[in-house]
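First comes the structure, then the notes that go with it.
The values are calculated or read from the model by the stated rules, or taken from the named source; none is laboratory data. All values reported here derive from a predicted model rather than from experimental measurement. Here the Cβ is made from the backbone with ideal geometry for all residues, glycine too, and neighbour counts use every protein chain on show. Side chains included, ligands, DNA and RNA excluded: accessible areas come from the protein's heavy atoms. Shrake-Rupley method; radii C 1.70, N 1.55, O 1.52, S 1.80 Å.
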Amino acid sequence: MKFIHQSEPFYGENERRAVYDYLKSGGWLTDFKKTRKFEKMICDYTGAKYCVVTTSGFVGLFLALQAMDVKRGDEVLVPDVTMVATSNVVVLAGAKPVFIDVSRENICMDIDLAKKSVTKKTKAIMYVSLNGRSGRIDELKNFCKKKNIVLIEDAAQSLGSFYRGKHLGTYGDVGVISFSSHKLITSGQGGAVLTNNKKVYERIVRLKDYGRLQGGEDYHPDWGWNFKFTDLQAVFGIEQMKKVDGRSRRKKEIYSLYQRLLSSVSEIKFIKIDLENATPWFIDIFVPNPRALKKYLAKHSIGSRLIYPAIHTQPIYKNTKGNFPASSEISRRGLWLPSSLTLTDKDIKRICSVIKDFYS
Ligand SMILES: *Cc1c(COP(=O)(O)O)cnc(C)c1O
């Protein structure tokens, strides 16, 4: 029986041919015309005015923090359930992540709690639209504006996800999408930084290229690092981006099929997701005993993955104070089922029948 991975990348002949043609054309490999084209496609799709592509989603978040002047002594609110990138990047920028419990409704940062947790030191809020769920991000945006707090959207998982007609990642001062190999589209590694602010855009362009105004001119009015992309990756990303609508549609179908096939299993809970607007990236289910189910699935050649542990429980954040009841519960019960675009309906039926066996 073939092993079904929890997640694997999906690409084909178009990507192979595009990379081959690019190499044959004698392209210069580094961050250049193909990267500009990739950025333009992301602007067109998301409606962002500006886009800067960089080496990863994590680095995109770092550029966002630097461009918005988040620094030592500042505090940044971060949800307690997210990929560790969200909080580690705050540490890299020299600031302090302050963890906020999540909402049981959408696994995003609890906005009411976030509002109450703001202090004089709160410079920014890092809002994560986990698995494409937006929460009331417009309300948060208004709050941040009123309080003069920077809003950075970690929309790493949210390509293909909208809220009230606007793509996620375009609500914040800056928003970031990831193209790591498990995300909706991939360039191997990679990330896109979105903003509607020209000054912020120009700052990020300089930050990612040693503070220069232009490649080949070694005048440095600004600090900067090397976080440039490569055209080799852009060529791959462009082919993936051409298929983004179909990929998003298929993710929604996969989610709906799981939901339908598992609806009779009373132990399994799905958290509401608005499939009209959101693209589920991973299939997340909530069960009393995710570890036991994971083990059973593995025995039947099916991969799955426990949802992120609440970040405050990680050894690297062991000094965190506070209570995080919702985050703790979500992390205790959550499991990601196979979610790749390589899945066939037949695969999903097989997975669901194994799950039903486990619970019968
Ligand atoms: C994937 C991911 C990141 C990091 O993106 P990379 O491209 O892997 O660096 C950050 N935040 C969240 C929520 C993610 O899912």
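Values as computed for the structure displayed
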item: Within straight-line cross-link reach of residue 242, aspartates and glutamates at Cα separation under 20 Å, skipping those fewer than 8 residues along the same chain; result: 8, 13, 15, 21, 31, 39, 44, 231, 253
item: The chain shape via C-alpha gyration tensor axes, a/c threshold 1.5; result: oblate
item: Pair residue 202, residue 214: separation of 7 Å Cα→Cβ label points (nm); result: 1.4
item: Listed residues 68, 84, 98: farthest to the positive end of the dipole of segment 63-103 (Cβ charges); result: 68
item: Accessible surface, per residue, of segment 42-90 when the full set of protein chains is kept, probe 1.4 Å, Å²; result: 29
item: Share antiparallel - DSSP beta bridges, the chain, percent rounded to 5; result: 55
item: Listed residue pairs exceeding 30 Å between alpha carbons, taken from 145/208; 141/294; 37/198; 37/145; 49/346; result: 141/294; 37/145; 49/346
item: Nearest-20 debye value, segment 276-360 charge dipole, Cβ charges on Lys, Arg, Asp, Glu; result: 420
item: Gain on full stretching of the segment that runs from residue 28 to residue 226 - 0.36 nm per residue minus C-alpha separation; result: 69.6 nm
item: Inter-probe distance in nm under a simple model that places probes 7 Å from Cα toward Cβ, at residue 44 and residue 332; result: 4.9
item: Theoretical ellipticity at 222 nm over the chain - DSSP helices of four or more residues, -39500 (n - 2.57) apiece, nearest 500; result: -11500 deg cm²/dmol
item: Whichever aspartates and glutamates have a C-alpha closer than 12 Å to that of residue 2, once near sequence neighbours (fewer than 8 apart) are set aside; result: 347
item: With every protein chain in place, segment 216-340: carbon and sulfur % of accessible area (1.4 Å); result: 52
item: Span from the segment 47-113 Cα centroid across to the segment 163-206 one, whole angstrom; result: 13
item: Packing-based ranking, highest mean first, of 183-191, 337-345 given that Cβ atoms within 10 Å are counted; result: 183-191, 337-345
item: Area accessible to solvent at residue 300, 1.4 Å probe radius, in Å²; result: 60
item: Farthest positive-ward along the chain dipole, Cα basis, beta-carbon charges - from 319, 296, 341; result: 296
item: Whole-percent carbon and sulfur share, accessible surface of segment 70-150, 1.4 Å; result: 50
item: Distance from segment 142-162 to segment 210-250 (C-alpha centre basis), Å; result: 22
item: The chain: DSSP helices with Cα axial extent of at least 27 Å and average Kyte-Doolittle hydropathy no lower than -1.0; result: none
item: Straight-distance crosslink candidates among lysines, where the alpha carbon sits under 17 Å from residue 24 and sequence neighbours closer than 8 are dropped; result: 33, 34
